1. So which GluC sites (Glu not before Pro) in region B:277-346 pass both tests, a DSSP loop state and at most 14 other Cβ atoms within 10 Å of the Cβ?
2. What percent does the relative contact order of chain B come to when contacts are Cα pairs within less than 8 Å and at least six residues apart?
3. Can you pull out the GluC sites (Glu not before Pro) in region A:489-596 that DSSP calls coil and that have at most 16 other Cβ atoms within 10 Å?
4. In whole angstrom, how far apart do the alpha carbon centroids of region A:95-110 and region B:1-53 sit?
5. Rounded to two decimals, what is Rg over Rh for region B:117-246 when you use alpha-carbon atoms and the Kirkwood radius?
6. Find out how many positive minus negative residues lie around A:N162, taking Lys and Arg as positive, Asp and Glu as negative, among other residues whose Cβ is under 15 Å from that of A:N162.
7. Considering only C-alpha atoms, what is the centroid distance from region A:166-201 to region A:422-457, in Å?
8. By how many nm would the segment from B:V203 to B:E117 grow when fully extended, if each residue of separation counts as 0.36 nm and the alpha-carbon distance is taken off?
Amino acid sequence: MSTDIQIAIVGSAGDGTIAAGDILRRAMAEMGYRVISFDVYPPEIRGFGKCIARLRVTDEQAYSLKPQSDVLVSLDDSHAIPHVNEAREWGAVIYEGGSVGPLAEGAHISAHIDPGQIPYNAPIRELSEKSTGSARSRNVVVLGYIAGLFRLSVDPFLRALNSKFKGKADVAKKNEAALRAGFEEGARWFRLDDIAFGPPPAKNGGATVEMISGNAAVVRGALDAGIDNFFGYPITPATSIMERLASEMPKHGTRLVQTEDEISAIGATIGAGFTGARAATATSGPGLALMAEMLGLGVIAEIPSVVYVSQRGGPSTGMPTKTEQSDLNMAVHGGHGDAPRIVIAPTNVEGCYRCGGKAFEMAEAYQTPVIVLLDLYLSNRYETVPFPAQPPFEADTNRYADTRGGKAAGFKRYALTEGHVSPRSIPGQAGGMHVATGLEHNELGRPNDQSAMHTAMSRKRHEKLKAALKHPDFTAYKRFGDEGPVEVGVIAWGSTFGEALEAMILAREEGIRCAALKVVMISPFPTEAVAAFMADSGATLVPELNYQGQFAGILQAHVARPVTRLARVTGEPMEVGEILAEIRRLAGRTPARQAA
Amino acid sequence: MSTVRHHVIIGSGVAGNQAAETLREHDPDSRITMITISRLPFFNRYDLPRVFRGERDWRRFIIYPAAYYRDNRITLRRATRVVNVDSASQILKLEHKESIHFDSLLVASGAGAYLPEELSEFRPLLHGFGAFRDAVTVADALPKGGHAILLGGDTIGLDLARTLLDTGHRVTLVAGPYTFWPHEVTPEERPQYIAALQRMGIVVVEAQSRGGIAAIEPGAKGLSARKLTFEDGSELAGDVVMPFFGIAPSLDFMLGSGVDIERGLLVTPNLRTTNENIYAAGDVCQIWTDKARRYCFYHGWKNVRAMGELAARNITGANEPWVPTQDEALHLTADGKIQSPFWEYQ
Ligand SMILES: Cc1cc2nc3c(=O)[nH]c(=O)nc-3n(C[C@H](O)[C@H](O)[C@H](O)COP(=O)(O)OP(=O)(O)OC[C@H]3O[C@@H](n4cnc5c(N)ncnc54)[C@H](O)[C@@H]3O)c2cc1C
């Protein structure tokens, strides 16, 4: 990559840190760079907690954030000081050169900048006050300074700023002045860092590249797949899915209802699915727990429904603003009885779009609830995504029975078929059969608790899902890196796959034969593919963000081979360096041998 | 109470860095903080002419890697200006209003280029040569084979002239009383040294012979970037004009400190100022010399480094007097070349 620059802006709530990150990533995306970004908010709703906006700017889409940033900006030294080591050697630390009041020794960030880092002590507050009459635009001054310092055009920043403050002409005007003041200041500084922006990549033919968050991509996928109804109850970090749909769905003539709780939300979703609508809900772990009973109904009544779940630190209220992958067991197994369902977990924002839309196809094609499992890190992170000119989703994948004329006579809603999927009818369909029961039933949907019937129906409900592994135009799993036998194979799912892929690439650069397997479809489990991958791997590493190693547990239930679990519950994304260290260890590369 | 002493050094030049190294050696448990306006870690300023030889990566100039400061527990505070020293309460204030308490303070703030008052109005048109940035800026402004006009001609300037000639540039020296500074050259010796400069390829114009400098202006469009006019109306065109009139100690921040100052900070032979906790070393200080019965400046990087080391030793308990380590006389070699002891590098 000729451009690979990570910028971190650290401030306090109220400093405009997140807004600055937003403008910066919009400007970078407009220039044509690829961006991945993830913001960290304080858990407190009020107060002065720490905010960090991090974005990595590249010319090819990156898979994860880097452990070290090239540029660290402090909008609040008390919060930025613990992060100053995040700036790499010869990287830039941009900070306020002055101070409003007296400071004790060590309270200024300059006391903590390493001799290997390059200090840029800009008069941020003064420029904001001079250009706008207040210190509130310090965040925008900093953006201008970054543009000036790194000799970037100020225009994309101006456009991003104006779109951010659309409809607030006065605010936009003041901030434009702040941006320009920062730009002029940055442009006159002598550069000592070694940070270099290469030319942005050429525009992608056909596809439009947009900068979008994971949750926004899910929404776009749902809309492009033709969602009819959404029922939801707000919960971090899934709320923005509902918020976006609430503003978008009316434009499409479709409906969204905020229900009184998650139980109603899933009930209404399954109800809408029963009528043939493409319906979805969105929640997080605590909400999924409440939905567990209803999901069982969706399974036994074989009704399509889509549940977007964005995980956060748990259990219970847990750590609502921290990321974790600890709802996997519940997503796959949660509920009573044998209640198989499809669980797909995108690994990046583009995947959020695809899974967000494909979930409807699968729900219809296999007549079952489909859980799309995200986590806070994926929901809230931004990436530049090339959207295809035509949405890659089938408008209708229902297998409706043809009940016209005399054909209704032999129709059985729960017929035991070769492919295990029964023909379906929806309410109002002449000659159809409109049963939806939570009781075990026979092919006609009538209550039946005979052991042979329960066995046959249980098998049907499990077996029909297997075809989902080969669902058209859907990547259920994919191998990256070296082909054939490798020293270490890394298997990862969800948001952690980005870090795993990055670590694998670095390991290969160090001469370790290594491959990574991305598993998107976790239920049904791609046993054959995983077993084949593990057969190729001298050692198998499974990094994930939960304490138990939940994915590793599921994996071992399907493939009886040893794996090394790298399970972390820091509330933060997995560190590439940690995965890499584990790969080295498994490959028998001690640091000393490496040096040799 | 903590017995760990906090040694603070203002300046990260030769004197400051040598002092930090010696302090660490002699007081292993102490805290050491070195404060500097510079954004770069320490490099030898006599190396700056290398920029004209195409060396633009400052990392190739620095003497110690970042790890050196970490390993030796030297807190290096760059881009940081001291604005005030309160010697009574042993607190210094930084420009951004941070206060730092010190047990011992070494002032090694060096000196900046001196510019005679009559030329100060032309400052925006002059190219400085004190910092890495200056060197890059002037090198960028000087085209291939371009013409540099050096004013004054102290030994720093003459050293640069040697590199400029070597790299294919033209050099004109507008000579005057500062030529050869800080070497003392008698009126009798002067012609032979001027002739030696001319033999090197430098065009020498005695400012006095043209009545002094009247104006420095931007050159007309399409011509050289600078035009220098003498009082007699004669003109000189060049791409850059650089002043080399010796140096003036950097000690503004010491003005209210209560420590005695003449032109530099006045120190005893063991480099202590009039405050027992404050020492000075390097270009900023004037040392009492019994023989001359006055406070003297001692120039050249070797002297400066020795001062840094001595001050650190004395701060940590020794009581040794300053002995100059360097001969300060200018020489002509057998083949008629100028040789300054300041040009002997490590
Ligand atoms: C371009 C150039 C070429 C030279 N060539 C030669 C040569 O060839 N041979 C030779 O012997 N000598 C040469 N010298 C002179 C030699 O470099 C000096 O004698 C020597 O650098 C002085 O060292 P010092 O430590 O006293 O101060 P300096 O190296 O001047 O360092 C002073 C330090 O103090 C800091 N400082 C100043 N004020 C403050 C403040 N208020 N707050 C915080 N920090 C402050 C500065 O940032 C700097 O770090 C040259 C000098 C220059 C500028």
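The values are calculated or read from the model by the stated rules, or taken from the named source; none is laboratory data. Since we're looking at a predicted model, the values are computed, not measured. So basically every Cβ, Gly included, is an ideal-geometry build from the backbone, and we count neighbours across all protein chains shown. In case anyone asks, the SASA skips ligands and DNA or RNA and just uses the protein heavy atoms, side chains included. Shrake-Rupley method; radii C 1.70, N 1.55, O 1.52, S 1.80 Å.
1. Counting only loop positions with at most 14 other Cβ atoms within 10 Å, the GluC sites (Glu not before Pro) in region B:277-346 are B:E344.
2. Relative contact order comes out at 20 percent.
3. Values: sites: A:E499, A:E502, A:E509, A:E510, A:E528, A:E544, A:E575, A:E578, A:E582; in loops: A:E510, A:E575.
Passing sites in region A:489-596 are A:E510.
4. 21
5. Taking Rh as the inverse mean 1/r over Cα pairs, Rg/Rh reads 0.94.
6. On the way: positive: A:R26, A:R159, A:K164, A:K166, A:K168, A:K173, A:K174, A:R180; negative: A:D22, A:E30, A:D155, A:D170, A:E176.
Local charge sum for A:N162: +3.
7. If you average the Cα positions of each part, the centres end up 64 Å apart.
8. Gain on extension, B:V203 to B:E117, equals 28.4 nm.
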